[in-house]
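Q: Provided herewith is a single structure, encoded as structure tokens, for subsequent inquiry.
All of the numbers you see were taken from the coordinates with simple rules; none came from a lab. No experiment lies behind these values; they were computed from the predicted model shown. We place every Cβ from the backbone using ideal geometry, glycine too, and count neighbours over all the protein chains shown.
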Amino acid sequence: MAYPFQLGLQDATSPIMEELLHFHDHTLMIVFLISSLVLYIISLMLTTKLTHTSTMDAQEVETVWTILPAIILILIALPSLRILYMMDEINNPSLTVKTMGHQWYWSYEYTDYEDLNFDSYMVPTQELKPGELRLLEVDNRVVLPMEMTIRMLISSEDVLHSWAVPSLGLKTDAIPGRLNQTTLMAMRPGLYYGQCSEICGSNHSFMPIVLELVPLSHFEKWSASML
């Protein structure tokens, strides 16, 4: 999860988030190079005499500053489209979990099991145990197996919500009357925190999400104890 004074994104836990981090660095480097070039040209024009004013009207210069931005946009667009298609791709998920947004909590249903469902509320500050995080801890965590493809079905029963877990690269809108889906796969065990990322009402900031990714054997024991 994020820590105080953090400048970058959270550490990637899923392959999709790793791709997003690479794309972020790739695009930021292009922006940095363009900004440096523009700053150099501006400083040069302010500090030197314009001895070659006819250059500004040259056909070759206009050709370069038309073609070069087009090439740069292609270098940004192609990796972006690749990641978009990767994020929408769902191949033979091993587990399906349906989550519904409410004012203001989440409910989860493991559709592959008969009676495995629960509500997930934020733990009030006065009830937190030592080591638990304020405004991020919930009474019922979503336990999922790691290194397996999991499909999340996301909707809402009242207003717009958004189910987001930054370290997994997930952010999907929960819309009443519409069933959205996304896929996740964590490469290592741990606790991963998220929050509702849509301004859904007065208690919008009190809808945390906690995913507990565990090995498959631990998940099977947990699911058996919940049934």
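Q: If you count, for each residue, the other Cβ atoms within 10 Å and average over each peptide, how do 188-194, 198-204, 109-115, 5-11 line up from highest to lowest? It would help to have the intermediate numbers written out before the result.
A: Details: 188-194: 16.6, 198-204: 14.9, 109-115: 12.9, 5-11: 10.6.
In decreasing order of mean packing, 188-194, 198-204, 109-115, 5-11 become 188-194, 198-204, 109-115, 5-11.
Q: Another one. Given the options Phe23, Leu46, Ala58, identify the residue whose Cα lies farthest towards the positive end of the charge dipole of segment 15-88 (+1 on Cβ of Lys, Arg; -1 on Cβ of Asp, Glu).
A: Sorting the options by dipole projection puts first Leu46.
Q: When the helices in the chain are scored as -39500 (n - 2.57) per DSSP H run of 4 or longer and the sum is shared across all residues, what 222 nm value do you end up with, to the nearest 500 deg cm²/dmol?
A: Details: 3 runs with 74 residues, N = 227.
Result for the chain, helices only: -11500 deg cm²/dmol.
Q: Quick one: compute the contact order of the chain, relative version, from alpha carbon pairs under 8 angstrom and 6+ residues apart, as a percent. Each step should come with its number before you reach the end.
A: Values: 385 pairs, mean separation 47.5, N = 227.
Relative contact order of the chain: 21 percent.
Q: Next question. Evaluate the chain: find the radius of gyration of its Cα atoms, find its Kirkwood radius, and give the ratio Rg to Rh. Display every interim value, and only then the final one.
A: On the way: Rg = 23.7 Å, Rh = 20.7 Å.
Using Cα coordinates only, the ratio equals 1.14.
Q: Compute the acute angle (0 to 90°) between the alpha-carbon long axis of helix 59-88 and the principal axis of greatest extent of the alpha-carbon atoms of the chain; round to the nearest 10°.
A: 10 degrees
Q: Sticking with this structure for a sec: I need the peptides 73-81, 132-140, 93-101 ranked by packing, meaning the mean over residues of other C-beta atoms within 10 angstrom, with the highest value on top.
A: Working: 73-81: 11.3, 132-140: 15.1, 93-101: 18.7.
Sorting 73-81, 132-140, 93-101 by mean packing, highest first, produces 93-101, 132-140, 73-81.
Q: Quick one: dipole size for the chain, taken about the Cα centre, charges +1 on Lys/Arg Cβ and -1 on Asp/Glu Cβ, in debye to the nearest 20.
A: Details: 11 positive and 25 negative charges, 99 e Å.
That gives the chain a dipole magnitude of about 480 debye.
Q: How would you rank 125-131, 62-68, highest first, on the average number of other Cβ atoms within 10 Å across their residues? Kindly include the intermediate steps, with their values, before the conclusion.
A: Values: 125-131: 8.0, 62-68: 10.1.
Put in order of decreasing packing, that is 62-68, 125-131.
Q: Can you give the Kirkwood hydrodynamic radius of segment 146-188 from its Cα pairs, in Å with one decimal?
A: Working: mean 1/r = 0.0911 Å⁻¹.
After inverting the pairwise mean of 1/r, the radius is 11.0 Å.
Q: Sticking with this one: Just report the Cα centroid separation between segment 150-227 and segment 1-43, whole Å.
A: The two parts, judged by their Cα centres, are 26 Å apart.
Q: Can I ask one more? Given labels modelled 7 Å from the Cα in the Cβ direction, how far is it in nm from Leu179 to Ala224?
A: 3.0 nm
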